[in-house]
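Peer 1: First the structure, which I've put down as structure tokens, then a few questions once you've had a look.
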Amino acid sequence: NAGVMQNPRHLVRRRGQEARLRCSPMKGHSHVYWYRQLPEEGLKFMVYLQKENIIDESGMPKERFSAEFPKEGPSILRIQQVVRGDSAAYFCASSPTEGGLAGEETQYFGPGTRLLVL
Amino acid sequence: GIQVEQSPPDLILQEGANSTLRCNFSDSVNNLQWFHQNPWGQLINLFYIPSGTKQNGRLSATTVATERYSLLYISSSQTTDSGVYFCAVEQIDSNYQLIWGAGTKLIIKP
């Protein structure tokens, strides 16, 4: 049973280019979460998606960032016109149900994508 | 919003030593998880522990929800235990957002 998969693992972009980060949840998981981790910090919530729906994007910058989780295929986090401040590790997590249900492990994390903007 | 504080921020120990990491949170939570981020950056789920005590090998965790803290115990440390240990909580009014502490960076020397 494969875990959460993310690709690419490392991504280098020049300022102004687009970055596309992909996340395939664990088998049987229909809830996807994206987090960002800056160096020497904990993770910060960005967005929560279910298939074809954005449930909560309150942690995502309103400009240049977008996310989707189509009916078929992986979830995509897209960053347009990247800037140096976007350099970070981006983690995707998945869960079988909405987190918080008693007795359930909530979110399982992928290996992350390390984005470096030159 | 809820605040999550971890202590100590850094910890350097010799192989074989025991350690206790602490996580304090400022409000009631649905869920609390402990993670280990290894030196390669991968996040590993250690415990889902909104309350009570759990053990897994040399690691154990206790959460006292009424007093808003959790402790992670590592016994007989090994060099492979090195990395950053994070505590993350889920607020009562949110069923998905994990709020993370800043982590405890643990270095185990051979």
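Peer 1: Which of rounded, prolate, oblate describes chain B, given a ≥ b ≥ c as roots of the alpha-carbon gyration tensor eigenvalues and a/c under 1.5 marking rounded, otherwise prolate only if a/b is larger than b/c?
Peer 2: It is prolate, given that a/c is not under 1.5 and a/b is the larger ratio.
Peer 1: Hey, another quick one. Counting heavy atoms of the protein chains only and a 1.4 Å probe, report the per residue accessible area for the protein assembly as shown as a whole number of Å².
Peer 2: Value returned for the protein assembly as shown: 49 Å² of accessible area per residue.
Peer 1: How far is it, in nm, from the label point at A:Lys62 to the one at A:His29 when both lie 7 Å from their Cα along the line to the Cβ?
Peer 2: Here the answer is 3.1 nm between the modelled labels.
Peer 1: Separate question: Explain nothing, just the number: relative contact order of chain A, from Cα pairs under 8 Å at least 6 residues apart, as a whole percent.
Peer 2: Normalised by residue count, the contact order of chain A is 36 percent.
Peer 1: Report the residue, chosen from B:Gln14, B:Gln37, B:Gln78, that carries the largest GNM mean-square fluctuation when chain B is represented by alpha-carbon nodes joined by springs under 10 Å.
Peer 2: Between B:Gln14, B:Gln37, B:Gln78, it is B:Gln14 that shows the largest mean-square fluctuation.
Peer 1: Let me ask another. Any chance you could get the radius of gyration and Dmax over the Cα atoms of the protein assembly as shown, in Å?
Peer 2: When restricted to the Cα atoms of the protein assembly as shown, Rg and Dmax are 17.5, 50 Å.
Peer 1: Compute the length gained on full extension between B:Ser76 and B:Ile107: take 0.36 nm times their separation in residues and subtract their Cα-Cα distance, giving the result in nm to one decimal. Walk me through the numbers on the way to the answer.
Peer 2: Numbers: separation 31, 0.36 × 31 = 11.16 nm, distance 1.34 nm.
Residue separation times 0.36 nm, minus the Cα-Cα distance, leaves 9.8 nm.
Peer 1: Okay, moving on. Net charge near A:Lys44: determine it from the other residues with C-beta under 14 Å of the C-beta of A:Lys44, scoring Lys and Arg +1 and Asp and Glu -1. The partial results should precede the final answer.
Peer 2: Numbers: positive: A:Arg36; negative: A:Glu40, A:Glu41, A:Asp56, A:Glu57, A:Asp86.
Combined, the nearby Lys, Arg, Asp and Glu give -4.
Peer 1: Select from A:Ser94, A:Ser24, A:Ser58 the residue whose mean-square fluctuation is largest in a Gaussian network model of chain A (Cα-Cα springs shorter than 10 Å).
Peer 2: Evaluated over chain A, the most mobile residue of the options is A:Ser58.
Peer 1: Tell me the chymotrypsin sites (Phe, Trp or Tyr not before Pro) within the stretch B:21-110 that lie in a loop according to DSSP and have at most 11 other beta-carbon atoms within 10 Å.
Peer 2: Filter output for the stretch B:21-110: B:Trp40.
Peer 1: Let me ask another. Considering only DSSP beta bridges where both residues belong to chain B, give the percentage that are antiparallel (nearest 5).
Peer 2: 90
Peer 1: Further, regarding this structure: So, with a 1.4 angstrom probe, what is the percent of accessible area on chain B that is carbon and sulfur?
Peer 2: C and S atoms contribute 48 percent here.
Peer 1: Still on this structure: Would you be so kind as to list the residues of the stretch B:15-52 that have their accessible area lowered by at least 40 Å² in the full protein complex compared with their chain by itself (1.4 Å probe)?
Peer 2: B:Gln42, B:Leu43, B:Asn45, B:Tyr48
Peer 1: Let me ask you something else. Rounded to whole Å, give me the distance from the Cα center of the stretch A:18-50 to that of the stretch B:67-105.
Peer 2: The two parts, judged by their Cα centres, are 18 Å apart.
Peer 1: Can you pull out the buried accessible area for chains B and A, both sides counted, probe 1.4 Å, rounded to the nearest 100 Å²?
Peer 2: Numbers: alone 6020 and 6870 Å², together 11080 Å².
For chain B against chain A, roughly 1800 Å² becomes buried.
Peer 1: Set the Förster distance to 22 Å, then compute FRET efficiency between B:Gln3 and B:Thr66 from the Cβ-Cβ distance, nearest 0.05. Intermediate results must be reported in sequence, preceding the final value.
Peer 2: Working: r = 18 Å, r/R0 = 0.80.
Computed FRET efficiency for B:Gln3 and B:Thr66: 0.80.
Peer 1: With the Cα gyration tensor of chain A giving a ≥ b ≥ c as the square roots of its eigenvalues, does the rule (a/c under 1.5 for rounded; else a/b larger than b/c for prolate; else oblate) give rounded, prolate or oblate?
Peer 2: Numbers: a/c = 1.74, a/b = 1.67, b/c = 1.04.
Note, shape of chain A comes out prolate.
Peer 1: Same structure, new question: Pull up all non-local amide H partners of A:Val47: gap of 5 or more, or a different chain, and H-to-H distance under 5 Å with H placed in the peptide plane.
Peer 2: Sorted by chain and number, the residues that satisfy this are A:Trp34.
Peer 1: Another question, then. Any cysteines in the protein assembly as shown with zero other Cys Cβ atoms under 4.7 Å from their Cβ? List them, or say none.
Peer 2: none
Peer 1: Compute a Gaussian network model of chain B, connecting alpha carbons closer than 10 Å, and tell me which residue from B:Gly83, B:Gly16, B:Gly41 fluctuates the most.
Peer 2: Comparing B:Gly83, B:Gly16, B:Gly41 in the GNM, the peak value goes to B:Gly41.
Peer 1: In whole percent, what relative contact order does chain B give with Cα contacts below 8 Å and a gap of six or more residues?
Peer 2: 37
The values are calculated or read from the model by the stated rules, or taken from the named source; none is laboratory data. Keep in mind that what you see is a predicted model, and the values were worked out from it rather than measured. Quick reminder, even Gly has a Cβ in these numbers, built from the backbone with ideal geometry, and neighbours come from all protein chains shown. Ligands, DNA and RNA are excluded from the accessible area calculation, which covers all protein heavy atoms including side chains. Shrake-Rupley method; radii C 1.70, N 1.55, O 1.52, S 1.80 Å.
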